[in-house]
Structure formats: C-alpha cells, structure tokens
Amino acid sequence: MNLCKRGRLFWVKGWGLPRRKIDELGQQRVLELAHATKARLRPDKYTPISPYRYIKIKPSRVSYVQTLPVNHPLAEHRGRFYKYSPGRIISGEWDQKITPIEKVPLFTGLREHFVEGKDWEETILHPERYEIDHPNLSERYHEYTLDEFHERCEYLDELYYSLQESGYVVPDKRSALDELAVNVGRNGQFIRNSEGIHRLVLAKLLDLDHIFARIHVVHPEVVTESQSNLQTKPG
C-alpha cells in the first residue's frame with residue numbers, strides 16, 4: 001500500500017471511530033448536524049442527503065454489490081467504502097466495480113432454500129460448499145461450524161417469515177450505521193455497499209413493495225438527481 005493511500009485511510013478511518021461511538025449511543029441527530037455543516041461548507045465533497053436517514057425504495061432497484069479490488073485506491077475496507085464514513089461524494093470508476101446481486105452465492109443459496117425448496121444442508125451455503133471470490137459478498141458461511149450454520153439457518157427462516165408477514169419495516173435499531181447502506185453510481189444505479197444483504201435478498205425473493213436503506217457514497221454526476229428524487233426518513 002503506497003503512502004498516499006495509507007494517509008487517506010488513516011484520515012477516513014480516524015474520524016470513523018468517534019462517529020461510530022456517537023451512532024451506537026443513538027445520537028444520530030448530532031451526526032446529522034455535523035454532516036449538514038460539512039455539506040454546506042464543502043458541497044463538492046459531502047452529499048446533500050443525510051446518510052443517517054433512510055430512503056424508501058423498491059428492492060429491484062438495488063441490483064449490484066460493490067466489489068472494488070481490495071488493492072484499489074478507494075477500497076477502504078474489504079473491497080468497499082468504509083461504513084463508518086458515510087455521506088461522501090466520490091468521483092472515479094468505482095461504480096463500474098460491481099457484481100450483479102443475482103450472481104452472488106448468498107442469493108443463490110437463499111433462492112435454493114426459499115424458492116426451490118431445498119433443505120439448508122443441500123444449498124451452496126453449507127460450510128463445506130460455500131465459496132466466494134470477493135470479501136464483500138458475505139464470506140461468513142465457510143467459517144461456520146455445523147452448529148453455527150444450523151443456528152444461522154433457523155434465524156434466516158424466522159427472518160423470511162417475518163418479512164413475508166410484516167414487510168420491510170423502518171429499522172428501529174439504535175445504530176443507523178448497522179443498517180443497509182447503498183452507493184449511487186453515475187447512472188443512478190443503487191449499489192449495496194455494506195450491511196443488510198440478507199434482508200435485501202429476501203426482500204427480492206419475496207417481491208416486497210419496498211425496503212429501507214441509507215445513502216452512503218454518491219457519484220458526483222448524480223448528486224442533483226439524488227437530492228431531488230429521494231425521500232428520507234429519520235434514522
């Protein structure tokens with residue numbers, strides 16, 4: 001890693017720690033005010049949309065997962081943008097470094113179980129079969145013991161039926177930064193950056209009317225469009 005990237009990561013992640021602590025305390029209003037101030041002072045660097053509020057969108061609009069090469073200058077954490085540094089405007093070709101969500105192994109495994117009716121042990125999510133080629137594609141399954149895998153499957157069954165019955169409700173967690181975050185590419189495409197991939201995939205399989213997500217990073221070519229077309233809800 002060259003010195004330029006080291007310095008950039010130090011700056012980005014250095015401010016991420018206090019931001020994380022404030023978020024965990026449920027003080028999103030403080031973070032919103034800080035972000036609004038930065039956006040006024042540096043409108044070319046920070047999004048006009050609060051990254052601590054949720055937007056309501058159709059699941060079908062989130063069609064990609066961010067998969068930057070891990071050695072890419074903008075790959076701040078595991079081939080994606082650092083989740084504790086939201087609300088930035090970043091130029092470059094990052095919105096071309098993506099993977100269609102239907103090609104993600106997690107999507108295949110959940111579809112095998114919930115749509116095709118396979119037992120969990122027969123899906124590609126089984127620890128002995130699970131393989132991914134990028135760290136931002138939910139790599140936990142190959143690390144599970146069989147007991148952990150079975151516990152995870154029980155949770156996913158419960159989550160699926162909860163979404164089926166109640167839909168995707170506004171997140172009520174204290175920490176907004178632990179919820180689904182999407183980047184907005186130059187053509188207005190939504191790209192999953194971090195968190196919430198299981199709920200996103202299940203919402204797609206259930207063909208839910210909407211999901212809630214936060215805007216994380218935005219390409220400068222689409223900033224005005226994002227501001228005018230997206231409605232936000234408090235975190």
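What follows draws every value from the coordinates through simple rules; no lab data is involved. Keep in mind that this is a model prediction, so the values were computed, not measured. With ideal geometry, Cβ positions are generated from the backbone for all residues, glycine too; neighbour counts draw on all protein chains shown.
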Original post:
In the Gaussian network model of the chain, springs joining C-alpha atoms below 10 Å, which of ASP207, ASP23, ASP147 carries the largest mean-square fluctuation?
Top reply: ASP147
**OP:** Counting other beta carbons within 10 Å of each Cβ, put LYS21, LYS58 in order, fewest first.
**Re:** LYS21, LYS58
Subject >> Per-residue HN-Hα couplings for the range 91-98 [Karplus 6.51, -1.76, 1.60; θ = phi - 60°; Hz; x = Gly/Pro] >> reply: 8, x, 9, 4, 6, 9, 9, 9
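Give the order of PHE81, PHE212 when sorted by the count of other beta carbons within 10 angstrom, beginning with the fewest. Present the calculation step by step, with values, prior to reporting the outcome.
On the way: PHE81 24, PHE212 21.
Starting with the residue having the fewest Cβ neighbours, the order is PHE212, PHE81.
By the scheme Lys and Arg +1, Asp and Glu -1, what is the net charge of all other residues having a beta-carbon under 15 Å from that of VAL62? Can you show the working numbers first?
Values: positive: LYS56, LYS58, ARG61, ARG80, LYS103, ARG192, ARG199, LYS204, ARG214; negative: ASP95, GLU102, GLU179, GLU195, ASP207, ASP209.
Value of the local net charge: +3.
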Original post:
Quick one: if the Förster radius is 22 Å, what FRET efficiency do ASP157 and ILE124 give, using the C-beta to C-beta distance and rounding to 0.05?
Top reply: 0.80
**OP:** Taking only Cα atoms and a 10 Å spring cutoff, compute GNM fluctuations for the chain and point out the largest among GLN28, GLN96, GLN189.
**Re:** GLN96
**OP:** Enumerate the residues in the range 179-214 having an amide nitrogen under 19 Å from the point lying 7 Å beyond the Cα of VAL70 toward its Cβ.
**Re:** 193-195
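Given only helices, namely DSSP H runs of n ≥ 4 each adding -39500 (n - 2.57), what is the per-residue ellipticity at 222 nm of the chain, to the nearest 500 deg cm²/dmol? Before the final figure, lay out the partial values.
Details: 6 runs with 83 residues, N = 235.
So the calculated ellipticity at 222 nm is -11500 deg cm²/dmol.
Most exposed first by the Cβ proxy, i.e. fewest other Cβ within 10 Å, how do LEU206, LEU17 rank?
Values: LEU206 17, LEU17 10.
So the ranking, lowest neighbour count to highest, is LEU17, LEU206.
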Subject >> J(HN,Hα) series, the range 74-83, from Karplus relation 6.51 cos²θ - 1.76 cosθ + 1.60, nearest Hz, glycine and proline x >> reply: 9, 7, 7, 7, 6, x, 8, 7, 4, 6
Subject >> Sequence-distant residues sharing a close amide H with ILE98 (under 5 Å, placed H) >> reply: THR67
**OP:** Specify the inter-centroid distance of the range 116-186 and the range 34-98, based on alpha-carbon positions, in whole Å.
**Re:** 22 Å
